1. Identify, please: which residue in segment 36-45 is open to solvent by 40 Å² or more (accessible area, probe 1.4 Å) and among the aliphatic types (A, V, I, L, M) and is, among those, modelled with the lowest pLDDT?
2. Taking segment 110-124, which residues are of a type outside the set (A, V, I, L, M, F, W, C) and either within 21 Å of P59 (Cα to Cα) or surrounded by 10 or more Cβ atoms within 10 Å (Cβ to Cβ) (or both)?
3. Just one of the numbered conditions (1) at pLDDT below 90; (2) more than 17 Å from the chain's Cα centre (by Cα); (3) assigned to a loop (DSSP other than H, G, I, E, B) is not true of P59; which one?
4. What is the one condition in (1) of a type outside the set (A, V, I, L, M, F, W, C); (2) open to solvent by 50 Å² or more (accessible area, probe 1.4 Å); (3) at pLDDT 90 or above that Y134 does not satisfy?
5. Counting just the residues of segment 83-108 that are of a type in the set (V, I, T) and in contact with a Lys or Arg (Cβ under 9 Å, 6 or more places away or on another chain), which one comes out least open to solvent (accessible area, probe 1.4 Å)?
6. If you take the residues in segment 37-74 that are of a type in the set (D, E, K, R) and in contact with an Asp or Glu (Cβ under 8 Å, 6 or more places away or on another chain), which one is nearest to V117 (Cα to Cα)?
Amino acid sequence: MARRVAQYLVSSPPCFEGATAAAAAAYQRDGAVCIRGALRGWVDAVASGIARNLASPGPHFESLPLGATSARFVNDYCNWRRIPEYESFVRESPAKALARAVMASERSIFYHEHVLVKEPLAASPTPWHHDQPYYPIDGDQ
């Protein structure tokens, strides 16, 4: 495993300071890993895209009940082709290379984005779900 992981990390862009063999091993062991700063320079663009998305929701937009406060909890997805900031992130950011590196995979596949915005004091609980029943994904990665 270590040799396979190293193969993908060697060509990683310099912004992947935390994309070490240890990070890839943690991903393999835990199913998730935090690599701080890996997407430095993209946060503001994505935040602008989220603001654009909230101002012009897509067909899958959903607002969960407000409860006692006016804090919003909304979600929307499948907007990456109509929100320029999302499309730029998908096509130009190092996210796909980082995903390949930590998964020790030759490729990564992007299905769609899913934006969840839960403002402080939002009363609605976050619904739990997983995608396994309806995504055609199988394998060790």
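The values are calculated or read from the model by the stated rules, or taken from the named source; none is laboratory data. Here the structure is a predicted model, which means the values were calculated and not measured. Neighbour counts run over all protein chains shown; Cβ positions are idealised from the backbone, glycine included. For accessibility, only protein heavy atoms count, side chains too; no ligands or nucleic acids. Shrake-Rupley method; radii C 1.70, N 1.55, O 1.52, S 1.80 Å.
1. Here the residue is L39.
2. Result: Y111, H112, E113, H114, K118, E119, S124.
3. Tallying (1) at pLDDT below 90; (2) more than 17 Å from the chain's Cα centre (by Cα); (3) assigned to a loop (DSSP other than H, G, I, E, B), P59 fails exactly one: (1).
4. In the conditions (1) of a type outside the set (A, V, I, L, M, F, W, C); (2) open to solvent by 50 Å² or more (accessible area, probe 1.4 Å); (3) at pLDDT 90 or above, Y134 misses (3) alone.
5. I83
6. Restricting to residues being of a type in the set (D, E, K, R) and in contact with an Asp or Glu (Cβ under 8 Å, 6 or more places away or on another chain), the top hit is R72.
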